[in-house]
Amino acid sequence: MKILGIILAVIVGLVLLAVLGGYFWWHSNEEAIKAEIARNTEQGVSFGSTASGGECVDEVIVLSRPCNGISCQIGLRTWLESCLESAEVAPDFCEQVPPGSELLESARWGVTRCQQKGVDNQSCGAVLAQVATWCEEP
């Protein structure tokens with residue numbers, strides 16, 4: 001029983017440490033993150049204003065080639081959403097995109113699109129998940 005109490009205390013301590021670490025990390029990086037989001041949004045809108053939905057997808061695939069990590073993925077998803085919002089999107093654009101609720105099919109679609117363009121990393125598929133999200137929005 002004593003061992004169980006020690007294990008529980010260690011787990012609670014680790015969770016607390018993780019929460020505090022996340023809190024301090026966020027506050028020390030908050031301004032840089034907000035600036036990066038604003039920059040990606042602006043660039044996505046700029047590209048999308050003269051592009052089609054398909055061109056937004058093709059460009060974000062190219063941009064994802066050197067992408068490595070969650071912060072890069074978030075930036076590119078922001079770029080893609082902004083691009084699609086300002087692009088001339090064909091009425092049938094979303095017909096070939098599986099719904100985000102179909103996780104396996106949606107992931108397979110993204111990975112296949114990336115591989116067709118010669119990009120074979122996890123970030124590319126994760127970024128393209130934004131297309132399914134965008135297509136499901138009213």
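Data overview
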{"item": "Output for segment 87-112, where each listed residue is part of a helix (DSSP H, G or I) and either crowded, with 21+ Cβ neighbours inside 10 Å or in contact with a Gly (Cβ under 8 Å, 6 or more places away or on another chain) (or both)", "result": "F93, S106, A107, G110, V111"}
{"item": "Test for S52: is it more than 22 Å from G125 (Cα to Cα) and surrounded by 10 or more Cβ atoms within 10 Å (Cβ to Cβ)", "result": "no"}
{"item": "Yes/no for V57 being assigned to a helix (DSSP H, G or I), crowded, with 20+ Cβ neighbours inside 10 Å and modelled with pLDDT of 95 or more", "result": "yes"}
{"item": "Residue within segment 32-41 that is under 18 Å from the mean Cα position of the chain (by Cα), at pLDDT 85 or above, within 16 Å of W134 (Cα to Cα) and surrounded by 10 or more Cβ atoms within 10 Å (Cβ to Cβ) present", "result": "yes"}
{"item": "Options L76, L84, L80, L63; residue that is at pLDDT 90 or above, crowded, with 18+ Cβ neighbours inside 10 Å and farther than 20 Å from E137 by Cβ", "result": "L63"}
{"item": "Number of the condition not met by D58 [criteria: (1) touching a helix residue (DSSP H, G or I) at 6+ places or on another chain (Cβ under 8 Å); (2) farther than 12 Å from Q130 by Cα]", "result": "(1)"}
{"item": "Residue in segment 68-87 that is over 30 Å from A32 (Cα atoms) and touching a residue at least 24 places away in the same chain (Cβ under 8 Å) present", "result": "no"}
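The values are calculated or read from the model by the stated rules, or taken from the named source; none is laboratory data. Since this is a predicted model, take the numbers as computed values, not measurements. A quick note on method: Cβ atoms are made from the backbone with ideal geometry, for glycine too, and the neighbour counts reach across all protein chains shown.
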